[in-house]
1. If one takes the longest principal axis of the Cα atoms in the chain, at what angle in degrees, from 0 to 90 and to the nearest 10, does the Cα axis of helix 231-241 lie?
2. Show me the ranking of peptides 134-143, 250-259 by mean Cβ neighbours inside 10 Å, starting with the highest.
3. Please go through the range 65-160 and write out the GluC sites (Glu not before Pro) that DSSP classes as loop and that have at most 13 other C-beta atoms within 10 Å.
4. With just the Cα atoms defining each centre, how far is the range 216-242 from the range 309-333? Give it in Å.
5. Going highest first, how would you order 109-119, 11-21, 199-209, 73-83 by mean Cβ packing within 10 Å?
6. Of PHE205, GLY60, HIS96, which is farthest along the charge dipole of the chain in the positive direction, counting Lys and Arg as +1 and Asp and Glu as -1 at C-beta?
7. If you fit an axis through the alpha-carbon atoms of helix 260-271 and take the longest principal axis of the Cα set of the chain, what angle between them do you get, 0 to 90°, nearest 10?
8. Which pairs, out of LYS44/LYS225; LYS2/LYS223; LYS149/LYS268; LYS171/LYS197; LYS109/LYS171; LYS120/LYS154, put more than 30 Å between their alpha-carbon atoms?
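Throughout, read-outs are computed from the coordinates displayed, never taken from laboratory work. Model, not experiment: these values are computed from the prediction. Positions of Cβ are generated from backbone atoms using ideal geometry, with glycine treated the same way; all protein chains shown enter the neighbour counts.
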Amino acid sequence: MKYSDIDFNNKTVVITGGAGFIGSNLAFYFQENYPECKIIVFDKFRSEETFSNGNLKSFGHFKNLLGFNGIIISGDINNKDDLTRLEEYDIDYIFHEAAISDTTVADQKIMIDTNVNAFKDLCDLAVRKKASMIYASSAATYGNSDVFKVGYEKPNNVYGFSKLMMDNLAKEYYDKIRIVGLRYFNVYGPREYFKNKTASMVLQFGLQLLKGESAKLFEGSDKIKRDFIFVEDVIQANIKACEADKNGVYNVGTGIARSFQDIVDILKKELNIQRKDTYIPNPYIGQYQYFTQADIEGTKKYLGYEPGFSLEEGIKAYLPEIKRIFKEEYGKN
């Protein structure tokens, strides 16, 4: 489905983090809808390097790009020499999805280097190329706020802080290029499997249930509510941002908070599973958001965005992929 009147054929699109979850979905959106679009995936790709928390430093995976026919550049956005490889192209749009997205990373320097300083280099590239910049911000900017609207940010970890600093930096470019930040809420959907422990709980709960296990929830999960958004709606927002008349930062969610318990209940219904859940203590108290609900009025008004998937519809659309992952990665029917 096309989400814009823009003809991206004969345009050049760069997707940083294009081997990751959202980036790879964007790459295939363009490939499937605009066969003459030049698509450049710029990604660090995964290595065995890990942060102090044990999680991988990069989640980009070649399997997310199986069937991709565009250009692939292996590069680190923190490496200025790697970024110069983009200079040879006449770029029309940059979708900046590359980031450290692991909210539990405690290394503040690498978080700021990667999420803020490298973003400036990419914005300067966009200015030189007269390209539109659509970049990933985050609902983590709101932290402990009770209001999920631009201007009410209270980040409670360095990740949320880094994304807020990106939004502040972007303002310096408002009079130079089209630049739109999208604050993703809790995204789930195909091509997230290689995010490992940071993949959505929709996937993690689904795999737990398919393995014959009980779903493992934090205590009080019926009261922990988030705005869960299917990745297809995130793609919609990115594409519609390309014709935004007003630079700014916009929330990308459904506008409805649902509980983690809701996810498990929907999965069990769809899978026809009757099994008791297991409840465990929450180890992230102090850096954990207990409630998020996107205010999407501005997104609707200025981007023409309208969420297309409820949590029930998104999980139902995602389940065939969860079953495929279970079969291929765990070797079971």
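1. That helix lies at roughly 20 degrees to the long axis.
2. 134-143, 250-259
3. Filter output for the range 65-160: GLU87, GLU88.
4. 16 Å
5. By packing density, highest mean first, the sequence is 11-21, 199-209, 109-119, 73-83.
6. Farthest along the dipole direction, towards plus: PHE205.
7. That helix lies at roughly 80 degrees to the long axis.
8. Over 30 Å Cα-Cα: LYS44/LYS225; LYS2/LYS223; LYS149/LYS268; LYS171/LYS197.
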